[in-house]
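Note sheet for the following structure.
Quick note: the coordinates plus some simple rules give every number you see, no bench work behind them. Keep in mind that what you see is a predicted model, and the values were worked out from it rather than measured. Every residue, glycine as well, gets a Cβ built from its backbone with ideal geometry; the counts of neighbours run over all protein chains shown.
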Amino acid sequence: MCRRGQWITASLIIGLSVIIVRLFMIQVVSTRAFSSTELDLIQKANEIHQKEILIDSGRGAIVDRKGQHFVGEVNLHLLVFPQSEQQMKLKEDQFTKLAKFIQYPPMLLQRELTRLTKPTILTTPDRKELVLNSIQKAAIEELRIPGIFVIESDQRMAENKVAQQVIGRIGQSPQITSKRYQEEMQSGKYTLESRIGITGLEAAFEPFLHSEAERVLRYTTDGRGKALIGAQVRLKEKKSTDPPYVVVTTLDKELQAKIDQILAEEQVDEGAVVVQEIQTGKVLAMSSRPSGKNNVQDKNPWDNRAIMEATPGSIFKTVIAIAALEEEIVRPDTVFHCQGHLEKYKLKDEREQGHGKITFAEAYAKSCNIVFGQVAEKLGGEKIEAYARRLGLGQEIIWSGKLFKEGSFRQLPQEQTGVIFASEELKKDAGAVVQAGIGQRDVKITPLQAANLITALFHRGKTLSPRIVTELRDQNGQVLVSFPNKYLPYSQLLKASTIREMQKMMRMVVKDGTATALMKTKWPVAGKTGTAQVGVENNLYHKWMVGFGPFSHPKYSVAVMIRSVKSSDDARAKKIFQKVMDEIFLLESQNNNDRNK
């Protein structure tokens with residue numbers, strides 16, 4: 001028994017000795033290569049805790065119609081690391097001076113820095129680009145605040161960029177790179193680590209914007225992934241001899257920024273605004289909410305709501321009215337009798353007692369569901385869909401065509417087509433046709449399509465293919481490619497009388513219909529309101545306002561859409577429409593004054 005105990009003790013001692021020796025070999029002697037695959041444990045640990053932030057992408061610039069940069073202009077910016085309240089209290093004097101140097105309210109600066117989880121480029125309090133000068137740079141660097149750096153950056157990784165969803169984002173995606181850019185990888189122009197355009201114009205014009213020249217800041221994180229202040233920060237730089245191109249957009253940066261701000265002020269959780277120049281069809285602004293970098297209630301802030309389909313409600317009555325006037329089914333003075341319901345199809349009007357005796361023009365202005373249900377039934381599904389397609393609905397409309405090797409290049413990816421009827425059978429279903437007549441059931445359109453529909457009225461009914469980009473230029477300003485104006489293949493001329501009567505009816509909406517609040521707009525406008533019932537229980541609403549201005553000399557079409565609001569009486573779409581039109585009026589007046597100086 002005693003000898004057996006001795007053997008067990010000896011075995012345990014030998015076993016523990018082997019384990020101790022092995023741990024010694026792993027942790028001290030052979031840390032950098034101790035596995036069957038020669039895994040470098042230190043390198044692996046560093047990789048886990050090493051992150052990087054792009055300082056300068058080296059990519060080509062994206063500019064507005066006046067040459068103002070959205071991204072691509074290298075300026076001095078403030079790179080800030082997450083700070084704790086304790087850290088900020090210990091260096092309270094330095095942070096107070098920093099706030100003064102960059103004209104930031106101290107409490108707001110503290111809130112911004114303590115809410116961060118990773119380094120970011122700081123924007124102004126109203127979410128505009130914060131550009132520093134050399135004097136500010138010297139003053140900030142003298143403060144020697146850990147985690148606060150003045151850097152040269154091209155603004156691509158800043159939060160809350162103007163026109164965020166249109167410009168798009170870049171990132172590393174080996175899967176996309178290997179699938180789309182095989183030829184470029186073989187030539188050595190791209191690698192699996194290359195940063196590429198993922199969404200928006202960055203993705204559409206990737207081959208022209210791409211550059212391997214970049215500057216990246218590497219930093220260390222703790223076990224929870226939070227950036228560590230005071231840890232080593234290294235700058236990694238790559239060079240490239242292949243200069244990228246400049247993408248010239250149709251957007252007006254000043255107007256775009258104003259509209260982004262309006263949507264934020266009106267606390268729009270999800271929605272979009274589109275402004276289109278009627279004469280050229282150019283998109284001057286395309287704003288979308290939510291914005292930022294992180295999902296908001298499972299809503300992706302990089303999804304461009306301006307080109308995403310949604311149920312239109314009564315703004316679709318514009319299509320029905322155009323079709324009915326063009327087919328001579330009605331005239332503006334044709335009289336109807338609305339009793340508030342259409343029993344055969346279980347269709348109800350918002351006004352339960354009905355409108356009584358009402359003309360077609362009045363029915364459009366007051367948005368009578370009963371009249372438009374009856375007119376849609378007379379038109380039939382085939383004609384409704386045909387006119388909708390003529391006017392640019394149910395299809396992608398953004399400029400597309402041949403561009404070098406690409407036979408079907410599109411200026412903006414991820415555009416949704418919308419739909420009129422979900423199937424051929426439903427075009428013959430009277431109930432579905434009546435519901436389509438008031439913009440419900442299967443009907444879906446995008447805010448861009450809605451604005452473009454209004455623009456078409458001033459091109460004699462022919463529908464333009466809207467442009468977001470007009471030119472590609474090289475670094476010397478020479479034009480490489482121009483994107484000419486063109487009409488959609490299905491578009492056809494409308495009668496002059498149809499266009500004239502539609503303009504009058506849209507003005508009646510503002511003067512004596514559902515949008516009388518817009519009589520306060522700085523110049524006379526015309527348009528159409530829309531409220532679409534959505535949701536599983538039809539207890540949410542999409543709110544729309546579309547129209548043009550000024551009424552006597554139409555220059556701009558505007559579409560406003562707010563998604564999934566809880567009240568059918570929500571008036572923000574009309575309020576935003578008015579604010580947008582007023583901003584256009586003020587900007588145009590300012591430009592006229594500048595020209596006259």
Explain nothing, just the number: dipole magnitude of the stretch 253-596 about its Cα centre with +1 on each Lys and Arg Cβ and -1 on each Asp and Glu Cβ, in debye rounded to the nearest 20. 620
State which helices in the chain qualify, where a helix is a whole DSSP H run, it must extend 30 Å or more along its own axis by its Cα atoms, and its mean Kyte-Doolittle hydropathy must be at least 0.5. 2-24
Of all trypsin sites (Lys or Arg not before Pro) in the stretch 382-413, which ones are in loop regions per DSSP and have a Cβ with at most 10 other Cβ atoms within 10 Å? 405
Post the alpha-carbon centroid distance, the stretch 500-556 to the stretch 395-416, in whole angstrom. 30
For residue 51, counting only lysines whose alpha-carbon sits under 18 Å away and dropping same-chain residues fewer than eight positions off, the answer is 118, 226, 236, 238, 293
How far, in nm, would the chain grow between residue 395 and residue 74 when pulled straight, counting 0.36 nm per residue and subtracting the alpha carbon separation? 111.7 nm
Filter the GluC sites (Glu not before Pro) in the stretch 316-365 down to the DSSP loop ones having no more than 15 other Cβ atoms within 10 Å, then list what survives. 327, 328, 350, 352
Give the aspartates and glutamates whose C-alpha is closer than 12 Å to that of residue 575, dropping any in the same chain fewer than 8 places away, or say none. 265, 266
Per DSSP, loop GluC sites (Glu not before Pro) in the stretch 148-214 with at most 12 further Cβ within 10 Å: 193
For the stretch 253-596, Rg(Cα) over 2.2 N^0.38 Å is 0.97
Please go through the residue pairs 317/495; 486/555; 444/520; 444/574 and name each one whose alpha carbons sit more than 23 Å apart in this structure. 444/520
Expressed as a whole number of Å, what is the distance separating the alpha-carbon centroids of the stretch 73-146 and the stretch 437-495? 43
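Residue separation times 0.36 nm, minus the C-alpha to C-alpha distance between residue 537 and residue 254: what's the value?
Separation in residues times 0.36 nm, less the Cα-Cα distance, equals 97.8 nm.
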